[in-house]
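The values are calculated or read from the model by the stated rules, or taken from the named source; none is laboratory data. Owing to the predicted nature of the structure, the values given are computational and were not obtained by experimental measurement. Here the Cβ positions follow ideal geometry from the backbone for every residue, glycine too, while neighbour counts run over all protein chains shown. Remember, those area values only see protein heavy atoms, side chains included, never the ligands or the DNA or RNA. Shrake-Rupley method; radii C 1.70, N 1.55, O 1.52, S 1.80 Å.
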Amino acid sequence: SDHGAMKPGRNLPWNGFKGGLFEGGIRAPLIARWPGKIKPGTLCRQLGATFDLTASFARIAGTPVAKGQLDGIDILAHAERKMKPVARDLYWRAKRGERTWWAIHHNNGTSDLKYTRRKEDGKIDEWFFNLTEDPGESKNLFALPGNHSHKLKVKLAGWESRVKALR
């Protein structure tokens with residue numbers, strides 16, 4: 001399923017389900033077939049999101065795009081050219097009724113860190129994961145001292161102030 005299975009489905013080894021911002025609710029493979037361009041069996045490890053396909057399709061269609069006009073990167077070029085992954089941050093905000101989730105996935109080129117926050121019924125829960133060591137999000141490191149979650153919270157707050165919610 002796109003964005004993970006719904007309960008009672010299984011998303012192993014990922015934590016969570018569709019509708020949440022744990023990896024089980026947002027991680028999905030991208031499978032691309034492009035004979036003569038992408039070699040069969042190519043594995044691309046670039047952190048990406050659906051909006052990256054816009055940049056890919058624009059290039060393929062020959063549509064010029066000004067630098068900074070799109071948020072995404074040409075994800076298919078990464079597979080096609082076997083490019084090294086680039087460091088980047090991805091952000092999410094998901095509001096459903098009185099529940100809101102926020103997350104930032106920070107990739108610096110050598111490690112993947114993720115801060116996730118959920119507000120529901122006036123209660124706030126927070127998680128911090130090292131996805132490089134724990135891709136299944138089984139160990140919440142948020143309460144550990146020196147865990148760098150504060151840096152990601154600040155980045156997420158900055159994004160939240162720049163990208164206003166529509167609902």
> If exposed GluC sites (Glu not before Pro) are those in a DSSP loop with at most 14 other Cβ within 10 Å, what is the longest stretch of the chain that has none?
Replying inline: 1-97
>> With bins 10 Å wide starting at 0, give me the P(r) of region 38-89 over every alpha carbon pair, in whole percents.
In response: 25, 56, 19, 1
> Val65's amide H: which non-local residues (gap 5+, or another chain) put their own amide H closer than 5 Å, with H modeled 1.01 Å from N in plane and none for Pro or chain starts?
Replying inline: none
> From the Cα gyration tensor of region 1-58, with a ≥ b ≥ c the square roots of its eigenvalues, which class applies: rounded if a/c is under 1.5, or else prolate if a/b is larger than b/c, or else oblate?
Replying inline: prolate
>> Can you list residues from other chains, or at least 5 along the same chain, whose modelled amide H is less than 5 Å from the amide H of Lys37?
In response: none
> Applying the Karplus parametrisation 6.51 cos²θ - 1.76 cosθ + 1.60 with θ = phi - 60° to the phi angles of region 58-65, what ³J(HN,Hα) value in whole Hz is obtained for each residue in order, glycine and proline being reported as x?
Replying inline: 4, 4, 4, 7, x, 8, x, 10
>> Just to confirm the filter: which chymotrypsin sites (Phe, Trp or Tyr not before Pro) across region 29-119 are DSSP coil and have at most 15 other Cβ within 10 angstrom of their Cβ?
In response: Phe51
> What's the local net charge at Met83, with K and R +1, D and E -1, over the other residues with C-beta under 11 Å away?
Replying inline: +2
>> Can you report the principal axis dimensions of region 82-167 using only the alpha carbons, biggest first, rounded to whole angstrom?
In response: 40, 28, 21
> Taking the Cβ of Arg118 as the center, what net charge do the other residues with Cβ under 12 Å away carry, scoring Lys and Arg +1 and Asp and Glu -1?
Replying inline: +2
>> Could you compute how much accessible surface Lys151 exposes when probed at 1.4 Å, giving the result in Å² to the nearest 10?
In response: 120
> Any number yet on Rg/Rh for region 93-143, C-alpha, Kirkwood?
Replying inline: 1.04
> Once both labels are modelled 7 Å past Cα along the beta-carbon direction, what's the Leu43-Leu166 spacing in nm?
Replying inline: 3.7
> By how many nm would the segment from Arg99 to Ile31 lengthen if fully extended, with 0.36 nm per residue of separation less the alpha-carbon distance?
Replying inline: 21.3 nm
>> From the protein chains alone at 1.4 Å, what is the descending order of accessible area for Arg162, Arg93, Arg167, largest first?
In response: Arg167, Arg162, Arg93
> For region 98-113, in order, what is each residue's ³J(HN,Hα) by Karplus, 6.51 cos²θ - 1.76 cosθ + 1.60 with θ = phi - 60°, in whole Hz (x at glycine and Pro)?
Replying inline: 8, 9, 10, 10, 9, 7, 10, 9, 9, 10, 9, x, 10, 9, 10, 10
> Do the sum for the chain: with -39,500 (n - 2.57) for every DSSP H run of n ≥ 4, divided by all residues, what is the mean residue ellipticity at 222 nm, to the nearest 500 deg cm²/dmol?
Replying inline: -5500 deg cm²/dmol
> Which entries of Lys18/Lys155; Lys7/Lys155; Lys67/Lys151; Lys119/Lys153; Lys95/Lys164 show an alpha-carbon separation above 21 angstrom in the structure shown?
Replying inline: Lys18/Lys155; Lys7/Lys155; Lys67/Lys151
